[in-house]
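Okay, so here's the structure we're looking at.
The values are calculated or read from the model by the stated rules, or taken from the named source; none is laboratory data. Treat the numbers as computed from the prediction; the structure is a model and nothing was measured. Ideal geometry is used to build each Cβ from the backbone, glycine not excepted, and the neighbour counts take in all protein chains shown.
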Amino acid sequence: MSSSSNLITMRKIVQQLRFEAKINRVKVSQAAADLQQFCLENAQQDPLVTGMSSNPFKPPRVCSFL
Amino acid sequence: MACQGLQPNETLATLKMESETLKTKLEEERAKLHDVELHQVAERVEALGQFVMKTRRTLKGHGNKVLCMDWCKDKRRIVSSSQDGKVIVWDAFTTNKEHAVTMPCTWVMACAYAPSGCAVACGGLDNKCSVYPLSLDKNENLAAKKKSVAMHTNYLSACSFTNSDMQILTSSGDGTCALWDVESGQLLQSFHGHSADVLCLDLAPSETGNTFVSGGCDKKANVWDMRSGQCIQSFETHESDINSVRYYPSGDAFASGSDDATCRLYDLRADREVAIYSKESIIFGASSVDFSLSGRLLFGGYNDYTINVWDVLKGTRVSILFGHENRVSTLRVSPDGTAFCSGSWDHTLRIWA
């Protein structure tokens with residue numbers, strides 16, 4: 001009985017691997033370039049990267065006369 | 001996925017051989033496309049400036065280890081859960097507690113805010129995920145309106161609402177993930193494929209379609225199709241449990257944090273790991289990771305009480321943040337990217353900006 005369940009498990013594993021083997025892949029150079037482009041395009045809108053001072057969590061800067 | 005009848009020539013031996021052949025082929029296909037490293041591509045990118053990130057708020061009130069937290073879409077409210085069974089909703093601007101619920105179990109390892117902001121979900125050692133609608137009446141007993149949604153056969157490790165308040169995705173120590181209808185409690189889809197506890201999950205950004213990624217004690221990170229329940233991609237390069245997974249904002253990649261003291265970046269289109277964020281001096285596990293809005297920064301909370309900030313493209317560490325007095329267990333960047341919140345075994349949450 002356990003040998004037939006091993007067989008079924010193995011079949012599922014092989015089916016899954018066949019599925020994964022078929023997917024289309026791109027070169028890392030292409031994928032990396034796209035990741036980089038996304039970062040750079042959105043950098044200005046990223047408050048933690050630009051360190052914007054109008055951050056609701058940061059205390060507002062106060063001007064004072066000396 | 002129905003299992004078809006066995007072909008007459010398929011025996012355990014032939015299947016084992018085919019499985020080995022396919023695994024080798026998979027590695028070869030992935031290696032063929034590995035023409036360059038991410039940090040090499042990013043050599044020309046301007047280095048990031050000096051970072052000054054400080055604790056801007058400290059949320060005190062939990063009586064024991066903080067295990068999980070989530071932001072509300074309104075960018076100021078936070079829900080957090082703790083080992084002592086308490087779930088608290090905070091206003092992060094004022095640090096006021098707005099709601100508190102006591103769960104019937106300890107170790108509430110998962111909590112999530114509903115997209116509408118009108119409910120929170122949580123669970124842990126009770127093996128369930130329950131939804132509590134948040135009332136405007138502070139005196140109302142939230143526990144009375146509790147709705148049990150998910151039932152697993154082991155602890156709940158993570159939960160997340162999908163695009164609406166109507167569906168919840170859960171992961172469990174029972175090795176599965178599951179999608180539930182909140183109203184009826186019905187199981188809509190289950191996801192089998194991990195061979196040990198699933199510790200974390202993250203939904204793909206809505207523009208990229210219906211997938212999510214999960215990480216587990218089997219060292220694997222799996223990407224799933226939510227409709228069919230099929231595992232579409234699997235990554236196994238970590239050397240220990242994967243505690244946290246988070247999608248890159250474009251949806252084309254995801255990061256992971258592991259007990260092997262590294263964080264890694266996996267690109268979905270290249271179908272491979274493309275970066276490792278590690279240092280010889282970092283020997284404690286990473287419990288929680290999240291990206292800044294543009295994906296340039298990766299924040300990692302570690303079991304050595306620190307938060308390391310990584311330059312995702314260049315692979316270098318840009319900052320190390322001290323402040324917590326025990327393990328950092330959970331970390332999320334706010335919805336508008338202005339700050340991030342960390343929760344710790346030191347009973348507190350900190351907002352950093």
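Given the criteria more than 21 Å from A:PRO56 (Cα to Cα), hydrophobic (A, V, I, L, M, F, W, C) and surrounded by fewer than 23 Cβ atoms within 10 Å (Cβ to Cβ), does B:CYS129 qualify? When the stated conditions are applied, B:CYS129 does not pass them.
Residues in segment B:194-221 that are modelled with pLDDT of 95 or more and either of a type in the set (Asp, Glu) or touching a Phe, Trp or Tyr at 6+ places or on another chain (Cβ under 8 Å) (or both): B:ASP197, B:LEU201, B:ASP202, B:LEU203, B:ALA204, B:THR211, B:PHE212, B:VAL213, B:SER214, B:ASP218, B:LYS220, B:ALA221.
If the condition is being more than 14 Å from chain A (Cβ to nearest Cβ) and small (Gly, Ala, Ser), then segment B:332-353 contributes B:GLY343, B:SER344. Considering the conditions (1) crowded, with 20+ Cβ neighbours inside 10 Å; (2) more than 26 Å from A:VAL14 (Cβ to Cβ); (3) more than 14 Å from every other protein chain (Cβ to nearest Cβ); (4) in contact with a Cys (Cβ under 9 Å, 6 or more places away or on another chain), B:SER240 is excluded by exactly one of them, (1).
Is at least one residue of segment B:10-22 under 28 Å from the mean Cα position of the chain (by Cα), of a type outside the set (Asp, Glu) and either within 12 Å of another protein chain (Cβ to nearest Cβ) or farther than 30 Å from B:VAL274 by Cβ (or both)? No, segment B:10-22 contains no residue that is under 28 Å from the mean Cα position of the chain (by Cα), of a type outside the set (Asp, Glu) and either within 12 Å of another protein chain (Cβ to nearest Cβ) or farther than 30 Å from B:VAL274 by Cβ (or both).
Every test in (1) surrounded by fewer than 23 Cβ atoms within 10 Å (Cβ to Cβ); (2) modelled with pLDDT of 95 or more; (3) more than 9 Å from every other protein chain (Cβ to nearest Cβ); (4) assigned to a strand (DSSP E or B) is passed by B:CYS111 save one, and that test is (1).
If you go through segment B:319-331 and keep only what is within 14 Å of another protein chain (Cβ to nearest Cβ) and buried (at least 22 other Cβ atoms within 10 Å of the Cβ), you end up with just B:LEU331.
Quick grid of which residues meet (1) in contact (Cβ under 8 Å) with a residue 40 or more places away in the chain; (2) not polar (S, T, N, Q):
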{"position": "B:CYS72", "(1), (2)": "yes, yes"}
{"position": "B:ASN96", "(1), (2)": "no, no"}
{"position": "B:HIS99", "(1), (2)": "yes, yes"}
{"position": "B:TRP107", "(1), (2)": "yes, yes"}
{"position": "B:CYS111", "(1), (2)": "yes, yes"}
{"position": "B:SER116", "(1), (2)": "yes, no"}
{"position": "B:GLY123", "(1), (2)": "yes, yes"}
{"position": "B:SER130", "(1), (2)": "no, no"}
{"position": "B:LEU136", "(1), (2)": "no, yes"}
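The residues on offer are B:LYS73, B:LYS97, B:LYS54, B:LYS60, and the sole one that is within 18 Å of the chain's Cα centre (by Cα) and of a type outside the set (Asp, Glu) is B:LYS73. Answer with yes or no whether A:LYS22 is charged (D, E, K, R) and within 30 Å of B:PHE93 (Cβ to Cβ). Criteria not met by A:LYS22.
The single residue among B:GLY49, B:GLY61 that is closer than 20 Å to B:ALA339 by Cα and free of Cβ contacts under 8 Å to residues at least 40 places away in the same chain turns out to be B:GLY49. Taken together, A:GLN30, A:GLN37 contain a single residue that is loosely packed, with under 15 Cβ neighbours inside 10 Å, closer than 21 Å to B:ALA275 by Cα and more than 7 Å from chain B (Cβ to nearest Cβ), which is A:GLN37. For segment B:277-290, the condition of being in contact (Cβ under 8 Å) with a residue 40 or more places away in the chain and facing chain A (nearest Cβ under 10 Å) holds for none of the residues.
Restricting attention to segment B:26-64, the residues that are farther than 20 Å from B:PHE299 by Cα, facing chain A (nearest Cβ under 10 Å), among the basic types (Lys, Arg) and part of a loop (DSSP other than H, G, I, E, B) total 0. Entry remark, segment B:80-106: residues being of a type in the set (A, V, I, L, M, F, W, C), surrounded by fewer than 20 Cβ atoms within 10 Å (Cβ to Cβ) and closer than 23 Å to B:ARG350 by Cβ number 2 in total. Within segment B:317-346, being out of contact with any helix residue (DSSP H, G or I) (no Cβ under 8 Å at 6 or more places or on another chain) and part of a loop (DSSP other than H, G, I, E, B) holds for B:PHE322, B:GLY323, B:HIS324, B:GLU325, B:ASN326, B:ARG327, B:SER334, B:PRO335, B:TRP345, B:ASP346.
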